[in-house]
Amino acid sequence: MPDIPDIMLNNGQQIAQLGFGVFLIPPPLTEAAVAQALQAGYRHIDTAEMYGNEAEVGQAISKSGLSRGEVFVTTKLSNDAHRPDDARRAFDGSLKALGFDYVDLFLIHWPLPTRYDGDFVSTWGTLEEFYRDGRARSIGVSNFQPHHLRRIHTEGELTPAVNQIEINPYLTQDEVRGFCADHEIAVEGWSPLGRGSVLADPTVADIARRYGKTSAQVVLRWHIERGDVVFPKSVTPARIRENVDIFDFELTGEDVEAISALNRSQRTGPDPDTFAG
Ligand code: NAD
């Protein structure tokens with residue numbers, strides 16, 4: 001079994017630094033993919049109400065023979081449910097779909113500054129309720145820019161445990177990561193492989209050749225050495241195993257720097273300042 005390191009969140013909870021993401025895995029394929037991931041040693045699954053596959057994630061975990069406490073599960077609030085009463089209903093719905101009485105981490109999926117009068121602070125206040133009643137062991141945000149986080153920091157009561165943002169070698173996100181480091185917010189990098197777009201990069205491919213590893217393994221290792229949490233997605237059993245097989249080597253500081261230098265500040269996903277869900 002791979003020896004996946006844990007990271008301690010600002011409330012003392014531990015999260016496995018490498019997990020398995022299920023965005024764009026069609027519901028009929030999700031249970032098998034999550035079962036493969038659990039067999040390969042992943043113990044952290046990242047889903048969302050908007051992925052439409054929470055029920056299949058829950059099924060795979062309940063049939064796996066692992067206890068609920070052995071798997072860290074994150075889900076996220078739908079963009080259509082930011083108003084407090086809607087958020088309460090949505091959170092109940094996510095727990096029901098998963099078949100759980102708690103989630104390990106619940107996130108506001110997008111800040112949506114152009115909707116709901118830009119009031120993501122009230123939405124955050126509702127997540128604080130879920131944290132206090134124990135049904136969300138940790139709460140956090142996703143796709144928040146420093147100016148969004150600053151509002152949560154001054155107007156909210158709790159600091160988010162994590163901020164989940166798009167990160168890959170072409171989008172290193174130094175500014176948001178710096179803000180999070182200064183405020184004890186753990187950073188999770190979504191689409192850590194740039195949905196495959198960074199794997200043909202000649203610098204990455206050269207480094208991979210030198211270590212006798214694949215480009216995907218080198219990119220995932222780069223994230224791990226920068227201290228971020230990642231959860232690559234795949235439905236291919238060999239790739240699911242390949243992506244977790246990254247704990248038997250380390251990149252030199254020079255190689256980490258060379259990959260970081262590929263930054264082009266190029267998003268593959270939407271811009272959080274304008275995205276309306
Ligand atoms: P990813 O960067 O993990 O790329 C996945 C794709 O890369 C796969 O579909 C496959 O084509 C390819 N791939 C995976 N492993 C490979 C390997 N070993 N070799 C070659 N190709 C390989 O992209 P993603 O799925 O978009 O992101 C991962 C997770 O991040 C998602 O599943 C989801 O959980 C999360 N996410 C969150 C948000 C958000 O807004 N919070 C947005 C997107 C994704």
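The values are calculated or read from the model by the stated rules, or taken from the named source; none is laboratory data. As the structure is a prediction and not an experimental result, all values here were calculated from the model. Positions of Cβ are backbone-derived with ideal geometry, glycine not excepted, and every protein chain shown enters the neighbour counts. To get the accessible areas, we keep the full protein, side chains included, count just its heavy atoms, and leave off ligands, DNA and RNA. Shrake-Rupley method; radii C 1.70, N 1.55, O 1.52, S 1.80 Å.
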- Message: I'm a student and want to see the number: the projected area of the Cα convex hull of the stretch 56-198, averaged over all directions, in nm².
- Response: 9.3
- Residue-normalised 222 nm signal for the chain, counting each DSSP H run of n ≥ 4 as -39,500 (n - 2.57), nearest 500 deg cm²/dmol, is -12000 deg cm²/dmol
- Note on the structure: Rounded to whole Å², per residue accessible area for the chain with a 1.4 Å probe reads 41
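Does the stretch 130-175 classify as rounded, prolate or oblate by the C-alpha gyration tensor (a ≥ b ≥ c root eigenvalues; a/c under 1.5 gives rounded; else a/b over b/c gives prolate, otherwise oblate)?
In terms of gyration-tensor shape, oblate.
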- Task: With a ≥ b ≥ c taken as the square roots of the eigenvalues of the C-alpha gyration tensor of the chain, please select rounded if a/c is under 1.5 and otherwise prolate if a/b is larger than b/c or oblate if it is not?
- Result: oblate
- Relative contact order in percent for the stretch 156-245 (Cα pairs under 8 Å, 6+ apart) equals 27
- At 4 °C and 1.567 mPa s, what whole-number value in µm²/s does Stokes-Einstein give for the translational diffusion of the stretch 22-64, with Rh from the Kirkwood sum over Cα pairs? 129
- Just report the Cα centroid separation between the stretch 143-190 and the stretch 233-277, whole Å. 17
- Task: Determine the share of the chain's accessible area contributed by carbon and sulfur atoms, expressed in whole percent, with a 1.4 angstrom probe.
- Result: 48
- Take every DSSP beta bridge whose two residues both sit in the chain, then give the antiparallel share in percent to the nearest 5. 15
- Message: Place a point 7 Å from Cα of Asp80 in the direction of its Cβ. Which residues in the stretch 49-65 have their backbone N less than 19 Å from it?
- Response: 49-56
- Most fluctuating of Ala40, Ala261, Ala208 in the GNM of the chain (C-alpha, under 10 Å) is Ala261
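Write out the trypsin sites (Lys or Arg not before Pro) in the stretch 171-277 meeting two conditions: DSSP loop, and at most 16 other Cβ atoms within 10 Å of their Cβ.
Passing both the DSSP loop test and the Cβ count: Arg264, Arg267.
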- Which shape class applies to the stretch 104-156: rounded if a/c is under 1.5, otherwise prolate when a/b exceeds b/c and oblate if not, where a ≥ b ≥ c are the square roots of the Cα gyration tensor eigenvalues? prolate
